[in-house]
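Before any comments, here is the structure.
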Amino acid sequence: MISKDGAENSQQQGASINPEAAKGLIIAAPSSGSGKTTLTLALLRYFKNNNLRVAPAKVGPDYIDPAYHTAAAGRPCFNLDPWAMRQESLASIITLSGQDVDVILTEGVMGLFDGAAGGAGSTAELAKKTGWPVILVIDVKGMSASAAAILHGFASFDPKVSVGGVIFNRVGSPRHAELLKEACGPLGIPVLGYLKRQDNLVLPNRHLGLVQAIEHSELDGYLDEAAEQVGWDVRCEELLKLARPSILAGLSSCSGKDIHSFVPPIGQRIAIAQDVAFSFIYPALLEGWKRSGAELSFFSPLADEKPCAEADAIYLPGGYPELHVGQLGANLKFLKSLRQAAKKNKTIYGECGGYMVLGKGLIDTRGDHHELAGLLPVETSFAVRRRSLGYREVTTLRNTALGDKGTTFKAHEFHYSTVVGNEGDDPLFDVRDAAGQKQGQVGCVNGSVMGSYIHLIDQS
């Protein structure tokens, strides 16, 4: 048998397993588009509908898939990022997420071994750090015995990654399923199920990934239908039995009650924009702020709401403000409240979409200009779209609410808009990419207002 179970894998790495540590499984695939998101959502909803205690997690920097996971499982979905997060950060999230559940079911990112340079941040790296087995999802449209070669290759490529089972996606017929099982039999890797080709289980997309869960009007029906299908076609209980305790939790002294702050709280009372236009927020960030003693409140810019008057800081996260820029530009109560807060020297911090809204204006895809808050000397444009994507390591260039000058963070960047002209004379961050190559200085600071395209994940 090619794959090793989690215990053998852990012993190879010299780590001891804490039997009380959170058990986990990772759903991975040879490539993006293989069906791991659909399968993960179906499994999460199946377990929820059958009163099994399973918590969701997602590998890497992703805001959209975790929102679907949360809807499917009825529990918060935390990101686990082996490139951007310190070991104690990963351990604390796993401990927190694993409280009062039997298993943490984690969806991988891209292909199993795909990541930054050298595979850093890959699903395989998380599998090695945690000791959790991988369930491989293979899209078998147009193949039969060749699927066994793919499974053999992925299971033997890195002996420190345990492939505990396989599920085949887009299986054409019962005979197709038989051929797949026969071909994979000699490998000794359990075939846990087959998913049929079903166009009705395809989720809608837009430029940053899936359409947001909050915008999917028939999401519950979709999830229940997917859960019913996976209940017929996948041996779900057998899959759960493959879960293994986390090595990471055993290596860390961090308890779930002591999750630390990934990014320092930007104030004592923080008002956070949260609606369909501002939804890119990591749950671990908010949890860290709360456990650091910060009081959090929420408001909707799209509803023309003002941040809490008692707040001493305002956080505008990323999202899709470009899809609602006409409405945001017309919401004068919201925009005026930002300007008044800036006059009172309250900290205002914007990431990506929030950064764009803090600027002078935004040019939409038709070339129309929309005035926005005008608190930062920047204009952004979607008229000529250019994708910026990747991990970043950033260093603050001055003392701010994020920390003293020289504070470093691991982060990521993902946007299609561009800055028109100069970002101003006071940049916020010095930036390097995942390979350590200089990317210049980005963002801007204007008094107590600051922002950039960068999404912060954890301190370095």
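What is the calculated FRET efficiency for Tyr416 to Val276, with r their C-beta to C-beta distance and R₀ = 25 Å, to the nearest 0.05? Before the final figure, lay out each step's value.
Values: r = 18 Å, r/R0 = 0.71.
Calculated value: 0.90.
Within straight cross-link reach of Lys333, meaning Cα distance under 20 Å, which lysines are found once same-chain residues fewer than 8 apart are removed?
Output for Lys333: Lys306, Lys343, Lys344, Lys346, Lys360.
Ordering His152, His324 from largest to smallest accessible area (1.4 angstrom probe), what's the sequence?
Of His152, His324, the descending order of accessible area is His152, His324.
Show me, bin by bin at 10 Å from 0, the whole-percent P(r) of region 138-184 based on Cα pairs.
Going from the shortest bin to the longest, the percentages are 27, 53, 19, 2.
What ranking, highest mean first, results for peptides 126-133, 234-241 when packing means the other Cβ atoms within 10 Å averaged over each residue?
Averaged packing, sorted descending, gives the order 126-133, 234-241.
A 18 angstrom limit on the alpha carbon distance is what I want to check against. Which of Lys181/Lys241; Lys129/Lys241; Lys36/Lys58; Lys410/Lys438; Lys23/Lys196; Lys160/Lys410 exceed it? List each step's numbers first, then the result.
Numbers: Lys181/Lys241 21 Å; Lys129/Lys241 20 Å; Lys36/Lys58 11 Å; Lys410/Lys438 14 Å; Lys23/Lys196 29 Å; Lys160/Lys410 26 Å.
In this structure, Lys181/Lys241; Lys129/Lys241; Lys23/Lys196; Lys160/Lys410 lie more than 18 Å apart at Cα.
At 1.4 Å probe size, with the rest of the protein present, what percent of the exposed accessible area of the chain is carbon and sulfur atoms?
Carbon with sulfur: 47 percent of the solvent-accessible area.
Sort 295-301, 345-351 for me by packing, meaning the mean count of neighbouring Cβ atoms within 10 Å per residue, highest on top.
The packing order, highest mean first, is 345-351, 295-301.
Would you mind working out the accessible area per residue for the chain, using a 1.4 Å probe, and quoting it in Å²?
40 Å²
For a quick size check, give me the Cα extents of the chain along its three principal axes, largest first, whole Å.
69, 47, 42
Relative contact order (percent) for the chain, with alpha-carbon contacts under 8 angstrom and 6 or more residues of separation?
15 percent
Could you give me the ³J(HN,Hα) list for region 165-174, computed from phi with Karplus coefficients 6.51, -1.76, 1.60 and θ = phi - 60°, whole Hz, x at Gly and Pro?
With the stated coefficients, region 165-174 comes to x, 9, 10, 9, 10, 6, 6, x, 6, x Hz.
The values are calculated or read from the model by the stated rules, or taken from the named source; none is laboratory data. In this text the structure is predicted, and so the values were computed from the model without any measurement. For neighbour counting, all protein chains shown are included, and Cβ atoms are generated from backbone atoms with ideal geometry for every residue, glycine included. SASA here: full protein model, heavy atoms, side chains in, ligands and nucleic acids out. Shrake-Rupley method; radii C 1.70, N 1.55, O 1.52, S 1.80 Å.
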